[in-house]
1. Counting only C-alpha contacts under 8 Å and six or more residues apart, can you give the relative contact order of region 10-69 as a whole percent?
2. In region 12-73, which trypsin sites (Lys or Arg not before Pro) are in a loop and have at most 15 other Cβ atoms within 10 Å, using DSSP for the loop call?
3. Rounded to whole Hz and in sequence order, give me ³J(HN,Hα) for region 30-40 from the Karplus expression 6.51 cos²θ - 1.76 cosθ + 1.60, θ = phi - 60°, writing x for Gly and Pro.
4. Region 1-40: which GluC sites (Glu not before Pro) are DSSP loop and have at most 10 other beta-carbon atoms within 10 angstrom?
Amino acid sequence: MGVKPQENDVVRLLRPLPEHDLPAGSQGAVVMVYRDAELPLAYEVEFADADGVTQALVTLKADDVEVTWRADG
């Protein structure tokens, strides 16, 4: 597996989410990383339209996304 997403990373969906009208390849921003020793790593990802209006806020597993952009820091 590639780079693990961090907060503020831009990620791409690896599978469609028809219930949110998001095709595979949709890009969103990681707004929260859920770390819990008893649960799998998960990410809260915000998907917005070209005007910046939130289309969906979805909790996803690591296998659902890949990092496409990260701020240098």
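Derivation of every value follows stated rules applied to the coordinates shown; laboratory data play no part. What you are looking at is a predicted structure, and each value in this text was computed from that prediction instead of being measured. Glycine gets a Cβ as well: all are built from the backbone with ideal geometry, and neighbour counts include every protein chain shown.
1. Averaging sequence separation for qualifying contacts and normalising by length gives 35 percent for region 10-69.
2. The qualifying sites are 70.
3. Those phi angles translate into 6, 9, 7, 10, 9, 10, 8, 4, 9, 10, x Hz.
4. Sites meeting the loop and neighbour criteria: 38.
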